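Let me begin by presenting the structure, written as structure tokens, before commenting on it.
A short reminder: the numbers here are calculations on the coordinates, not readings from a lab. From a predicted model like this one, the values you see are computed outputs, not experimental measurements. Backbone-built Cβ (ideal geometry, glycine too); neighbour counts: all protein chains shown.
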Amino acid sequence: MSDHPAPATGWHLAQGDHHELHVGYRDQKVYVAAVRDLVDAKVASRLAAGDHTLWGPAAEEEAGKRLGWVGLSRSSRDLISDIAELEVELRERDLFRVVLCGMGGSSLAPEVICRSNEVELVVLDSSDPDFVRSAVEQRLDETVVVVSSKSGGTVETDSQRRAFEKAFTDAGIDPADRIVVVTDPGSPLEKSARDAGYRVFLAEPEVGGRYSALTAFGLVPSGLAGANIAALLDEAEAIRPVLEADSVDNPALRLGALLGVANQAGADKLALANVGAPYAGFGDWVEQLVAESTGKDGKGILPVVVASLDSPNFTPSTDDEVLVAFGPGHAERADQIRPASGWGATIDAPLGAQMLLWEYATAIAGRLIGINPFDQPDVESAKAAAREMLDGGGSTPEPVFTDGPIAVYASEGWLPEGVSTAADAVAALLDGLDAEHGYVAVQAYLDRHRDARLAEVRDRLAVRTGRPVTFGWGPRFLHSTGQYHKGGPATGVYLQVTGQPEADLAVPDRPFTFHEFITAQAVGDGQVLAAKGRPVLRLHVSSPGELDTVLGVLG
């Protein structure tokens, strides 16, 4: 950004080593002032130095132990040789299939890293018994399992680990030969893993899960799967000096200012569109970073991962959405990606640079919005509700009615009397949308591989309502957008889809099954949302074979 910006409708270019950012804004004066204020306050250099006072007194304690991510492009290099050595050892033992048991940032970053490198990584981030069984039963003789948990107490990850331990033992395989653990120093998982003889990698403790892409959580499973993690760190290191500079040309200041100023102006959604980027799934990673970081205190930015611009299902942004397109194809697609709100950006950069840029920009946007970008106060509420259900303390809901293979559940107080079909219940939920600020959150607690076609409803509902629609697979979205749903603005309506599995699966040495667990997660989160006044509709399908019935209702 020069000292003489182009008109407010213009698009401006910031260039550094191997990256490009175009920013569009509705209000030139406000946007330029925000960037200059960030420069004058030396936000970039202070953030790079780990200044925990940037987000106000209330955030200082948490920020003081969550800023280790700013230097990871250098400090994480010590991991490369150890990961490479283990990768060679595994290949020599004909162990070519890497399964990652992890949730949230522990799984989303490795998934996109491996996709960008076109290497196989099986991500097990679900409690669905059919999904878990499929991951456990396939190619066990050539499988190594990475168990990733920052706290060491994530119930989903613990349950998945137990399932693999049993499978290995039943097959006459020593789990210690096949399980690798990534966790924080001093966590319960570190002790139990070392006692069991597992290989342990320790992550940087002063990095929150959603900022952990360049820590052991992102690098270990990716490197073992064959991804070029050294190149990823090189990409991040190349952009680091640019992001640390107190300059109006700093892309993190510009992107962070865009998100923050637009949010203050009423554009509190973020539409994320791929424009030929070679890293599929990047939008999902940005989604968890931005939603969990900003969605609290009744404020926040709701990311909406939309179809690629090359897809016939691409839906234009709305007046309350910032539109950000990532990838190299934006120059020839400029007319298509003009945001309806006037606020938008296009970014072209390698994956490692993109990751560090978005981490900086999210933290900066948090400062402008006035929240602490490093805590997640509403995530624990859903976990507690699920635990209460599993312990027998929560109430088991009864369906309002049954429509063929679909049992319909609804939170109290919003479903009109006389509604007796699933289609009418969905219509009633959508009729309650705020036409200017509302959004629909579809939450599918199913097998995300087998039932992948359900994700098509996101585009259909966006066209049907003319409003932003998010789609999340449960329970993994609980570790990302789940924070925004409960802590952000109360403008959403929530549609859960649950179902009976092909067969249940016991969680070894625990008093519940995987199906009981995932049902408790869905019901528990729905109860927390309802307690906050959010309307929740749940469609429970009687078998996987009846999923088309749900698709018909939602189409």
Open item on the list: Between Glu20 and Ala427, what is the label-point separation in nm under the 7 Å Cα-to-beta-carbon projection?
Closed with: 4.8
Task: Listed residue (Pro316, Ala455, Ala225) projecting farthest to the positive dipole end of the chain, Cβ model - done: Pro316
Open item on the list: Please compute the contact order of region 379-554 in relative form: average sequence separation of alpha-carbon pairs under 8 Å and at least six residues apart, divided by the residue count, as a percent.
Closed with: 35
Open item on the list: Using only DSSP helix segments of four residues or longer, with each worth -39500 (n - 2.57), what per-residue ellipticity at 222 nm results for the chain after dividing by its residue count and rounding to 500?
Closed with: -12500 deg cm²/dmol
TODO: Give the range of the longest stretch in the chain that excludes all GluC sites (Glu not before Pro) found in loop regions by DSSP and having at most 16 other beta-carbon atoms within 10 Å.
DONE: 207-411
TODO: For Phe401 and Arg139, calculate 0.36 nm times their separation in residues minus their Cα-Cα distance, and state this gained length in nm to one decimal.
DONE: 90.1 nm
Task: At R0 = 35 Å, FRET efficiency that the Cβ-Cβ distance of Ile173 and Gln500 yields, to 0.05 - done: 0.65
Open item on the list: Using alpha carbons only, how many angstrom separate the centre of region 501-555 from the centre of region 365-421?
Closed with: 11
Task: region 424-522: trypsin sites (Lys or Arg not before Pro) in DSSP loop, at most 13 other beta carbons within 10 Å - done: none
Task: Whole-number Å³ per residue for the convex hull built on Cα positions in region 379-554 - done: 111
- [ ] Mind sorting Asp525, Asp297, Asp141, Asp158 by how few other Cβ atoms lie within 10 Å of their own Cβ, fewest first?
- [x] Asp141, Asp297, Asp158, Asp525
Task: Long-range HN-HN contacts of Leu302 with modeled amide H, under 5 Å - done: Lys269, Leu270
- [ ] Mark the label point 7 Å from the Cα of Arg93 along Cα→Cβ and return the residues of region 166-196 whose backbone N is within less than 17 Å of it.
- [x] 166-182, 193-196
TODO: Rounded to the nearest Å, what's the spacing between the alpha carbon centres of region 236-313 and region 44-117? Just the number, please.
DONE: 19
Task: Exposure proxy order (Cβ contacts within 10 Å, fewest to most) of His515, His449 - done: His449, His515
Open item on the list: Straight-line reach from Lys42: which lysines fall under 23 Å, measuring Cα to Cα and dropping same-chain residues less than 8 apart?
Closed with: Lys29, Lys65
Open item on the list: Among Val112, Val145, Ser126, which residue has its Cα furthest toward the positive end of the charge dipole of region 76-227, with +1 on Lys/Arg Cβ and -1 on Asp/Glu Cβ?
Closed with: Ser126
- [ ] With Rg and Dmax of the Cα atoms in Å in mind, check [x] 24.7, 79; [y] 22.8, 71; [z] 28.7, 90 and report the label derived from this structure.
- [x] [y]
Open item on the list: Taking just the alpha carbons, could you work out the radius of gyration and Dmax for region 72-153, both in angstroms?
Closed with: 13.7, 41
Open item on the list: Using a Cα-Cα cut-off of under 22 Å, which lysines could be cross-linked to Lys532, ignoring same-chain neighbours fewer than 8 residues away?
Closed with: Lys269, Lys296, Lys299, Lys383, Lys486
- [ ] Arrange the following residues from fewest to most other Cβ atoms within 10 Å of their Cβ: Cys114, Cys101.
- [x] Cys114, Cys101
Open item on the list: Give me the percent relative contact order of the chain, please, defined on Cα pairs under 8 angstrom at least 6 residues apart.
Closed with: 17
